[in-house]
Amino acid sequence: MKAIYPGSFDPVTCGHLDIIERATSVFDQVIVAVAVNLEKQPLFSVEERMELLRQACGHLENVSVDCFEGLTVDYARQKGAKVLIRSLRAVSDFEYELQMALMNKRLNPEVETLFMMTSAEYSFLSSSLVKELAHLGTSINGLVPKCVEEKLLAKLGRRAQEAEKR
Ligand code: COA
């Protein structure tokens, strides 16, 4: 069975990767899909986010990386997938995720949302927090895949240099 794991992935963290790895043992094929979300102001372009995901998931044979615009359920239909994977980190995620799952169900009753609990060691993690730590020069080792750490430090380091010049 094919499943889609949609998200912003700006950037992918070890918490996301943990969900992806666990999903690969449940589903035959997992499509990690970067949403082109016009409401969020991403640090990384869609292409950069996809490239980082590809590098981070390079060891997983049944994972592919893609992007989509528009409704997730329309994308799922287009890909022939009937399952959306989402993760829950804490109770605070529940309300938003329930709302989204119910709306997706209304939009396409054939698509099921399956939730996986984030592993305890990543339950406090978010892409924004990682970016904030990196921006403040704090180590993000162990919170993101190595490729993300390098790219994040290079990007924010360059930004800091540019800001200093101004
Ligand atoms: N480990 C670490 N962090 C996690 C995590 C995990 N397991 N699961 C979620 N997060 C964090 C992310 O890092 C992200 O942090 P940030 O807000 O600091 O960037 C946050 O939780 C939200 O994550 P994400 O899964 O990317 O959700 P989102 O709200 O940005 O996007 C979509 C959700 C893309 C699935 C949703 O907006 C969507 O479906 N968009 C398409 C349009 C659509 O269909 N709309 C109707 C929906 S009903």
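The table below lists the values:
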{"quantity": "Stretchable slack from TYR96 to THR138, in nm (0.36 nm times residue separation minus alpha-carbon distance)", "calculated": "12.2 nm"}
{"quantity": "Charged-residue dipole, Cβ positions (Lys, Arg, Asp, Glu), the chain about Cα centre, Debye nearest 20", "calculated": "220 debye"}
{"quantity": "Square roots of five times the Cα gyration tensor eigenvalues for the range 2-165, Å", "calculated": "28, 16, 16"}
{"quantity": "Folded to 0 to 90 degrees: helix 14-24 orientation relative to the chain principal axis, Cα", "calculated": "30 degrees"}
{"quantity": "Potential lengthening between ASP28 and GLU150 on full extension [0.36 nm per residue; Cα-Cα distance subtracted]", "calculated": "40.8 nm"}
{"quantity": "Carbon plus sulfur fraction of accessible area for the range 2-165, probe 1.4 Å, in percent", "calculated": "52 percent"}
{"quantity": "Between the range 50-97 and the range 114-160, the alpha-carbon center distance in angstrom", "calculated": "19 Å"}
{"quantity": "Net lengthening on full extension, ASP66/ARG54 (0.36 nm per residue, minus Cα-Cα)", "calculated": "3.4 nm"}
{"quantity": "Degrees separating the helix 46-56 axis from the principal Cα axis of the chain, which is the longest one", "calculated": "90 degrees"}
{"quantity": "Relative contact order (%) - the chain, alpha-carbon pairs under 8 angstrom, separation at least six", "calculated": "28 percent"}
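The values are calculated or read from the model by the stated rules, or taken from the named source; none is laboratory data. For clarity, every value in this text was computed on a predicted model and none was experimentally measured. Every residue, glycine as well, gets a Cβ built from its backbone with ideal geometry; the counts of neighbours run over all protein chains shown. Protein only, heavy atoms only, side chains kept; ligands, DNA and RNA dropped before computing areas. Shrake-Rupley method; radii C 1.70, N 1.55, O 1.52, S 1.80 Å.
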